[in-house]
1. Starting from segment 198-222, keep only residues that are over 14 Å from Thr174 (Cβ atoms) and modelled with pLDDT under 95, then list their pairs with residues that are of a type in the set (D, E, K, R) and assigned to a loop (DSSP other than H, G, I, E, B) whose Cβ atoms are within a distance under 6 Å, requiring at least 6 positions of separation or different chains.
2. Restricting attention to segment 121-134, which residues are at pLDDT 95 or above and outside any strand (DSSP E or B)?
3. Among the residues of segment 33-50, write down those that are of a type outside the set (Lys, Arg) and either over 22 Å from the mean Cα position of the chain (by Cα) or not assigned by TED's automatic domain parsing to the domain that holds Arg337 (or both).
4. Would you confirm, using the coordinates I've provided, whether Glu283 is at pLDDT below 95, within 19 Å of Thr211 (Cβ to Cβ), under 16 Å from the mean Cα position of the chain (by Cα) and acidic (Asp, Glu)?
5. Please go through segment 87-97 and give me each residue that is buried (at least 17 other Cβ atoms within 10 Å of the Cβ) and in contact with a Leu (Cβ under 7 Å, 6 or more places away or on another chain), ordered by number.
6. For segment 72-86, give me the residue count where each residue is crowded, with 19+ Cβ neighbours inside 10 Å and either within 27 Å of Glu269 (Cβ to Cβ) or without any contact (Cβ under 8 Å) to a residue 60 or more places away in the chain (or both).
7. For residues that are within 30 Å of Pro307 (Cα to Cα) and in contact with a Gly (Cβ under 7 Å, 6 or more places away or on another chain), tally how many sit in segment 200-235.
8. I'd like to know if segment 159-170 contains one or more residues that are surrounded by 15 or more Cβ atoms within 10 Å (Cβ to Cβ), over 27 Å from Leu268 (Cα atoms), aliphatic (A, V, I, L, M) and within 20 Å of the chain's Cα centre (by Cα).
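The values are calculated or read from the model by the stated rules, or taken from the named source; none is laboratory data. As the structure is a prediction and not an experimental result, all values here were calculated from the model. We place every Cβ from the backbone using ideal geometry, glycine too, and count neighbours over all the protein chains shown.
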Amino acid sequence: MQEPSLRKAPSLTVHDFDFSLPPELIAQAPLPERSASRLLVLEGEALHDRLFRDLPGFLEEGDLLVFNDSRVIHARLFGRKESGGAVEVLVERLVGTQEALAQVRASKPPRPGMRLRLEEAFDVEVVGRDGEFYHLRLVGEGDLPQLVERHGRLPLPPYIARPAEPEDEARYQTVYARTPGSVAAPTAGLHFDESLLRQLAEHGVDTAWVTLHVGAGTFQPVRVERLDEHRMHRERYWIPEETVARVARAKARGRRVIAVGTTSLRALEGAAQGGALRPGSGETELFITPGYDFRVVDALVTNFHLPRSTLLMLVSALAGLDRIRRAYAHAIERRYRFFSYGDAMFIPRRFAR
């Protein structure tokens, strides 16, 4: 079944989701402790300033946290064209063992048939274009995912104004990351450490897993005026049968399904577009904006998002646009840290109607 790209929000424009952020509030590095980040809790019309390690106090026994276990790959590679011109490649998606879709930056766009020498280690050939991405194929024998992981570099987001450092190899991954495929971290999960996960289990909070591989499109602003004209990027997901069973159990007990991050939310809602949540793999291009009717998720743990971004539109659908505007203004006034290495929000949907 083809999922809808937009629900009930044709009058909204990109300007409804714009805000001014002081550059110094964009977090450039992680805090020494994951769970020491701040947590802004939206409860009715109230805003509570807490620490992330306080999250268990806002959860109930039997609530279900759904985590995205995708792992960030070394997706950024530098190299040269046959002519000698420099190129930068950002892998968007690995396709089997020989091919990939990627963004390619160069002084002149590479042509089909051109070879690129990457990291002085291996060659790929430009097969053609697929929308904004280049279709690349490994030249000769080998396993392209292994070569990318061995020779590539960790792709920190564009708003982090420094190269990746050894510390980022651990801190730009969740402690539970296990399925390689993302080019950006599911950042809401970065706040969880092993101690907090044990505390949640002792508190009676249930856990489940999905996999959604985050693409570079997550950082792209919406470039059209009207939201109903925006085309959402596609992302792959996997929903295990056990996760579907745990969601059903939580619902039957009257407990909440809490997505850890917008990626977990997109996977769950994308897999439920046929009516009921279904296990298995698929791709989602679901564009969630105010007016969307949530089918699975009752609450969300999330970071603060970019102006004009589809992720800001998603959290506005869950909490209400006016409440998100107030929350972001509060966060800026209180000097919260923004984006991937920044602080977090907890949005219980039962208070958001």
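1. Note: pairs meeting the criteria are Pro221/Arg308; Val222/Arg308.
2. Residue satisfying the conditions is Ala121 alone.
3. If the condition is that a residue be of a type outside the set (Lys, Arg) and either over 22 Å from the mean Cα position of the chain (by Cα) or not assigned by TED's automatic domain parsing to the domain that holds Arg337 (or both), then Glu43, Gly44, Glu45, Ala46, Leu47, His48, Asp49 are the ones that fit.
4. In short, yes.
5. Within segment 87-97, Val87, Val89, Glu92, Arg93, Leu94 qualify.
6. Total meeting the criteria: 5.
7. Total satisfying the criteria: 3.
8. There is at least one residue in segment 159-170 that is surrounded by 15 or more Cβ atoms within 10 Å (Cβ to Cβ), over 27 Å from Leu268 (Cα atoms), aliphatic (A, V, I, L, M) and within 20 Å of the chain's Cα centre (by Cα).
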